[in-house]
Amino acid sequence: MTQIFDNPADFADEALDGFVAANRGYVARVDGGVVRSTEVPAGQVALVVGGGSGHYPAFAGLVGPGLAAGSACGNMFASPAAGQVYRVAKASNAGGGVLLSYGNYAGDVLHFGQAQLRLNAEGIETRTVLVTDDIASAPLDQIEKRRGIAGDLTVFKIAGAAAEAGLDLDAVERLAIRTNYRTRSLGVAFDGCTLPGADAPLFHVPEGQMSLGLGIHGEPGISEHPMPTASELADLLVSKLLADKPDDAGNRVVAIVNGLGTVKYDELFLLFGKIEKLLSAAGLTVVEPECGELVTSLDMSGLSLTLLWLDEELEELWAAPADTPAFRKGNLAPRARRELAGPEDAVAGEVEDTTPAAADLGRLAAAVLAQIQDVVIEHEDELGNLDAIAGDGDHGIGMRRGIDAAAAAGRDVSAAGLSVQRVLTAAGEAWSERAGGTSGALWGSAVIAAGLALGNKDAYRGADAAAAVTAFVDAITALGKAEPGDKTMVDALLPFKDTFLAAFDGGAQVAVALASAATAAREAADATASLRPLKGRARPLAEKSVGHPDPGAVSFGLIAARVSAYIDTALNDTPLNDSRLAASVAGNGAEA
């Protein structure tokens, strides 16, 4: 039971503040997580890790020389928002590019992916390596679908050591990918964990039983078994991992016995001794093992075994020094402290010489966001009811939370006279962080991408609108990975883009092309009623969904129609009736 807190809602933030206070020689607090508080060599690749809170030492405890440059820290068992990841990565970047690495969970993939798109758009080369070590979560021929558990440590350690050695981003990424492929983990639980403020664990394991294949976010295992002896447990874990070993496995392995929260060190040591004997009997040499709490799950009663099959290069990097609050190996020379801008300084430093055209377009963008807010409010209940047919019913609520935050942020930034890029970036960040979930990440990413495409220019042409439409749609398809026919928002989104571009390329003005695209989106959204969902939360209840359109496609169609109608009349609205704005909204090739 997690008992030490004032307000459960503040638990993650206050725990992180306390962690920083206890480790100022290693880490400094930034908005969204922590970064190294010591100097980083110029040009060094920045490894940025992260995920939900509640897993200490992962993820903030692994920030320091020889390991991570920063950690984005979400709420309890929840992905950090894209804006948090972006800010941590920006503060960690030393000029050599950024490698994002984290466990393969849907929310993390979306939010880290959104941050990656934004970082790359700003010229900070950013790559991602997902950790997929849990053999219980998917078969070997679907290794890319496996989730990340305690194997996070091996991937982070190798990537961090490679960065510390001065290798470039290509090499760091290559080594992280190889490490992930050669890492296998399997966990067991004896009882569940309890979130702060909750009066019961997330799950229970029946008395005298053990749950096999648990996750680290309070997920129960995939099967239950009679409680084994220590020797039986060691044999179970070792045999299943060896049966799943990589094709190119050698005979030297790192073995990690990881406690998940309440299994005591004496028990972990006892089990490790039995595991080491079994590995030796199988002809394997155990190299620099770890035994302790490394990736936990609050107070979960459970443990996991991780094996990393080494080659010569990986072994050298695994043995390389590292110095972090929770993981130390070898010796590193002390590093000088660096000066980090506080949140106020960071905001003040974001100076923009806004052009009149970009400010005009920013005001229009804020007005469009207000229109989107109106249409979402109008249809919130309808969208929720539609989502409840085969989902969890929160689409209307999530869209409302997201657009309320986005509209407020857009209004504030546009009132300050800043560019359309700044307006839409602020709106997208707010949408992502307030809405959460899949739709929040996708909409936030798309709004930011459109803003980056529009930029802060001296003049705008109709082609800039086409670029914004393309960036908006491409951001969603790149992050969500959905394809036409999957019964998602993409089924309305792609017809919208294709119709807009075809009309625009044929000589139509932006407002006319937008009207045609909005009609295509509405018709495509209605047509999703005949589809069976192949992605998202509706997939398990596919038959219930048939006959009803996809809520994400419907909400996009409604928004496209409202935006089109508003743009068509915006030029007659006195506050927006500006010649520069008129050209950018109505023109095809005209300069604003």
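Only the coordinates and a few stated rules stand behind these numbers; no lab work does. Everything quoted here is computed from the prediction, not taken from an experiment. FYI the Cβ positions are ideal-geometry reconstructions off the backbone, even for glycines, and counts take in every protein chain you see.
About its Cα centre, the dipole of the chain is roughly 540 debye, where the only charges are +1 on Lys and Arg Cβ and -1 on Asp and Glu Cβ.
Averaging 1/r over every pair of different alpha carbons in segment 353-586 and inverting the result gives a Kirkwood radius of 17.5 Å. Sorted into 20 angstrom bins from 0, the C-alpha pair distances of segment 8-329 split as 35, 59, 6 percent.
Using θ = phi - 60° in the Karplus curve 6.51 cos²θ - 1.76 cosθ + 1.60, the 3J(HN,Hα) couplings for segment 312-329 round to 4, 5, 5, 5, 5, 6, 4, 7, 5, x, 8, 9, 10, x, 10, 9, 10, 8 Hz; x is entered for Gly and Pro. Across segment 84-92, coupling constants 3J(HN,Hα) worked out from phi with the 6.51/-1.76/1.60 Karplus curve, θ = phi - 60°, read 5, 4, 4, 5, 5, 5, 4, 6, 8 Hz, and Gly and Pro carry x. For Val30, the residues whose amide H sits under 5 Å from its own are Val35, ignoring neighbours fewer than 5 places away on the same chain, with H placed 1.01 Å from N. Footprinting exposure proxy ranking of Leu153, Leu169, fewest other C-beta atoms within 10 angstrom first, gives Leu169, Leu153. Put simply, the amide H of Ile149, placed in the peptide plane, has neighbours under 5 Å in Asp133, Asp134, leaving out anything fewer than 5 places away on its chain. In a simple Cβ point-charge model (Lys, Arg +1; Asp, Glu -1; nothing else charged), segment 353-586 has a dipole of about 320 debye relative to its Cα centre.
Full extension of the chain between Ala336 and Ala459 yields a length gain of 39.7 nm, computed as 0.36 nm times the residue separation minus the alpha carbon distance. Taking amide H as placed 1.01 Å from N in the peptide plane, the amide H of Gly74 sits under 5 Å from that of Gly51, Gly52, Ser53, each at least 5 places away or on another chain. In order along segment 33-44, the Karplus-derived 3J(HN,Hα) couplings, from 6.51 cos²θ - 1.76 cosθ + 1.60 at θ = phi - 60°, round to x, 9, 9, 4, 8, 10, 5, 10, x, 4, x, 6 Hz, and Gly and Pro are given as x. Overall form of segment 68-134: prolate. Here a/c, set by the Cα gyration tensor axes a ≥ b ≥ c, is 1.5 or more, and a/b is the larger of a/b and b/c. Summarised in one figure, the compactness ratio Rg/Rh of the chain, Cα atoms and Kirkwood Rh, is 1.00.
Going by neighbour counts of Cβ atoms within 10 Å, the residues Met210, Met399 line up, fewest first, as Met210, Met399. Residue ranges 183-190, 333-340 sort as 183-190, 333-340 when ordered by packing (mean number of other C-beta atoms within 10 Å per residue, highest first). For Lys329, the lysines whose Cα comes closer than 16 Å to its Cα, not counting residues fewer than 8 places off in the same chain, are Lys157. List the relative contact order of segment 379-518 as a percent without decimals, with contacts defined as Cα pairs under 8 Å and 6+ residues apart. So the answer I get is 15 percent.
Which pairs in the list Lys145/Lys264; Lys145/Lys277; Lys145/Lys487; Lys240/Lys487; Lys90/Lys145; Lys90/Lys487 are over 26 Å apart, alpha-carbon to alpha-carbon? Among Lys145/Lys264; Lys145/Lys277; Lys145/Lys487; Lys240/Lys487; Lys90/Lys145; Lys90/Lys487, the Cα-Cα distance tops 26 Å for Lys145/Lys264; Lys145/Lys277; Lys240/Lys487; Lys90/Lys145; Lys90/Lys487. Note: relative contact order over segment 353-586, using C-alpha pairs below 8 Å and six or more positions apart, is 22 percent.
Legend: ranking of residues Ile256, Ile177, Ile143 from fewest to most surrounding C-beta atoms inside 10 Å; resulting order Ile177, Ile143, Ile256. Protection proxy ranking of 356-364, 290-298, by the mean of other Cβ atoms within 10 Å over each peptide's residues and highest first, is 356-364, 290-298. For segment 8-329, averaging the sequence separation of C-alpha pairs within contact (under 8 Å, six or more residues apart) and dividing by the residue count gives a relative contact order of 18 percent.
Its Cα gyration tensor gives segment 215-346 an equivalent ellipsoid. The semi-axes, each the square root of 5 times an eigenvalue, are 31, 22, 14 Å from largest down. Going by alpha carbons, how many degrees (0 to 90, nearest 10) lie between the helix axis of 356-388 and the longest principal axis of the chain? Tilt of helix 356-388: around 70 degrees. Three principal axis extents describe the C-alpha atoms of segment 84-183; from largest down they are 38, 29, 19 Å.
One quarter of the surface of the convex hull around the alpha-carbon atoms of segment 167-237 equals 7.5 nm², the direction-averaged projected area. For the pair Ala249 and Glu125, label points projected 7 Å from Cα toward Cβ lie 3.5 nm apart. For the chain, the longest principal axis of the alpha carbon atoms and the long axis of helix 11-22 meet at an angle near 60°. Dipole magnitude for segment 438-511: about 120 debye, using +1 per Lys or Arg Cβ and -1 per Asp or Glu Cβ, origin at the Cα centre.
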